[in-house]
Amino acid sequence: MIVAERKTIPEIVDIIKGHKNILVLGCGTCVTVCLAGGEREVSIMASALRIASRAQNLGFKVSELTIERQCDNIFIEQAAEAIEKADAVLSLGCGAGVQAIAERFAKKPVYAGLNTKFLGILEERGTWTEKCAQCGDCVLADYGGICPVTRCAKHLLNGPCGGSREDRCEVNPNRACAWQLIYKRLKDIGQLDRLEKISMPKQWGTSLSGGPRVIIREDHRI
Amino acid sequence: MNSNNKEITVVAFCCLYCAYAAADLAGSMRLQYPANVRIVRTPCTGRLEVEFFLKAFENGADGVLVAGCEEGSCHFKEGNLVAKRRVNYARKYLQESGLEPERLRMVNVSSAMARQLTDHIKDMVETVRKLGPSPLNKAKRQQQQEIKS
């Protein structure tokens with residue numbers, strides 16, 4: 001899922017200054033699961049902004065709404081009335097959600113209330129970790145399902161750097177060495193021979209370096 | 001009781017299994033505590049969400065006291081520990097929004113600790129009185145005073 005983190009209230013106050021009616025718009029999908037922009041976080045954020053408005057005499061009013069998914073026009077329509085009534089929208093969706101709302105409502109200022117961080121999983125309660133760098137050319141099959149592009153600090157594709165201590169990464173000792181994990185995993189599933197293959201330099205043309213990527217499925221186009 | 005104390009309101013969320021019973025005991029023991037406090041009975045402090053604290057301030061509280069069981073003695077095992085983390089998180093929000101985080105506090109008492117609870121309440125009321133009315137209520141309070149005078 002997409003993992004995000006809220007911006008601070010002073011940052012948001014600075015972003016929305018000049019507007020009188022703000023709609024805090026939540027998203028019921030990824031950012032709900034990572035506790036950044038779901039219904040509860042919208043309620044907390046709206047409350048905190050109302051307190052900030054009154055405590056600092058900023059003079060803006062805050063309303064709140066959460067829709068199922070901000071990156072889908074079908075769901076965005078459910079927020080149309082509330083968005084039309086507001087001067088500006090503070091989206092607690094991911095970067096894609098914010099832009100989807102902004103594209104649908106061309107004359108309405110739409111601001112991001114979250115910093116979208118990465119594609120990751122819930123590691124344990126309250127801890128999310130990055131697992132996928134969205135490189136566009138998945139190599140997980142070669143590495144026992146552990147991504148060296150994302151989880152090795154040096155993105156090495158041909159074995160460990162030699163700097164790890166025990167099973168810890170030398171860049172950050174709090175982090176496991178991805179190559180240690182890859183070796184253990186391949187050993188466990190009896191595929192250590194995969195490590196004998198030399199990986200050629202990765203084709204980064206499939207990543208973000210060429211600008212935003214598009215996928216077209218002709219069989220689904222109308 | 002200091003007459004200035006009347007100008008502030010402290011909402012106290014009290015756990016049914018400890019602080020609420022302690023407040024009851026305080027009554028039986030004829031222990032006095034400031035009348036500024038509005039006690040809200042809660043099934044466990046772990047039931048309290050971050051927005052409960054923020055809404056209390058939005059709706060006129062000058063301070064919020066969360067009174068739960070002693071650590072290790074929660075009736076639901078760790079509700080008070082959950083509440084502690086939520087109180088700390090809400091304090092961050094308060095600070096960022098321009099309210100003093102000292103206006104929100106968590107204390108731990110057992111159902112037998114009536115005197116300690118009243119002391120905590122007195123201390124909280126005193127802290128909030130020193131901070132003054134919440135800036136959210138200042139305009140409203142001024143209006144009320146003007147009407148009275």
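Some observations on this one:
- Taking a ≥ b ≥ c as the square roots of the eigenvalues of the alpha-carbon gyration tensor, region B:70-149 is classed oblate because a/c is 1.5 or more while a/b is no larger than b/c.
- Selection from B:Met113, B:Ile8, A:Ile22, by position along the positive dipole direction of the protein assembly as shown (Cβ): B:Ile8
- Interatomic Cα distance distribution for region A:96-190, bins of 10 angstrom, percent: 14, 35, 26, 14, 9, 2
- Dipole magnitude (debye, nearest 20) for chain A, charges at Cβ of Lys, Arg, Asp, Glu: 420
- Degrees, to the nearest 10: A:39-55 long Cα axis against longest axis of chain A: 50
- Of all DSSP beta bridges in chain A, antiparallel share, percent nearest 5: 45
- Selection from B:Pro135, B:Pro43, B:Ala26 lying farthest towards where the dipole of region B:3-148 points positive, charges on Cβ: B:Pro135
- Point-charge dipole on Cβ atoms (K/R +1, D/E -1) for region B:3-148, about Cα centre, debye to 20: 220
- Charge dipole of region B:3-148 about the Cα centre (unit charges at C-beta), most positive-ward option of B:Gly63, B:Ile147, B:Ala90: B:Ile147
- Rounded if a/c under 1.5, otherwise prolate or oblate - the protein assembly as shown, Cα gyration tensor axes: oblate
- Once the mean of 1/r is taken over each pair of separate Cα atoms and inverted, chain A shows a Kirkwood hydrodynamic radius of 20.0 Å.
- Dividing the summed helix terms, -39500 (n - 2.57) for each DSSP H run of n ≥ 4, by the number of residues in chain B produces a 222 nm estimate of -14500 deg cm²/dmol to the nearest 500.
- Neighbour-limited loop hits for trypsin sites (Lys or Arg not before Pro), region A:1-105 (at most 13 other Cβ within 10 Å; DSSP other than H, G, I, E, B): A:Lys17, A:Lys20
- Helix A:95-104 vs. chain A, principal-axis angle (Cα, 0 to 90°, nearest 10): 40
- The 3J(HN,Hα) values that the Karplus relation (6.51, -1.76, 1.60; θ = phi - 60°) gives for region A:128-137 are, in residue order, 10, 10, 6, 10, 9, 9, 6, 6, x, 8 Hz. Gly and Pro appear as x.
- 5 Å-binned pair-distance histogram of region A:135-201 (Cα, whole percent): 3, 19, 30, 25, 16, 6, 0
- Over region A:2-118, the Kirkwood radius and the radius of gyration, each from Cα atoms, give a ratio Rg/Rh of 0.93.
- Cα shape, region B:72-116, gyration tensor, a/c 1.5 rule: oblate
- Largest first, the three principal axis extents of the alpha carbons in chain B are 49, 38, 20 Å in whole numbers.
- Dipole magnitude (debye, nearest 20) for the protein assembly as shown, charges at Cβ of Lys, Arg, Asp, Glu: 740
- Principal-axis tilt of helix A:178-188 within chain A, Cα atoms, nearest 10 degrees: 60
- Protection-proxy order for peptides A:188-196, A:209-217, each taking the mean of Cβ atoms within 10 Å per residue, highest first: A:188-196, A:209-217
- Spatial separation of Cα centroids for region A:94-141 and region A:143-189, in angstrom: 25
- DSSP bridge pairs, the protein assembly as shown: antiparallel proportion in percent, nearest 5: 30
Taken together, the values in this text are just the output of simple stated rules run on the coordinates, not laboratory data. Bear in mind the structure is a predicted one, so any value in this text is a computation, not a measurement. As a convention, Cβ positions derive from the backbone with ideal geometry for all residues, glycine included, and neighbour counts pool all protein chains shown.
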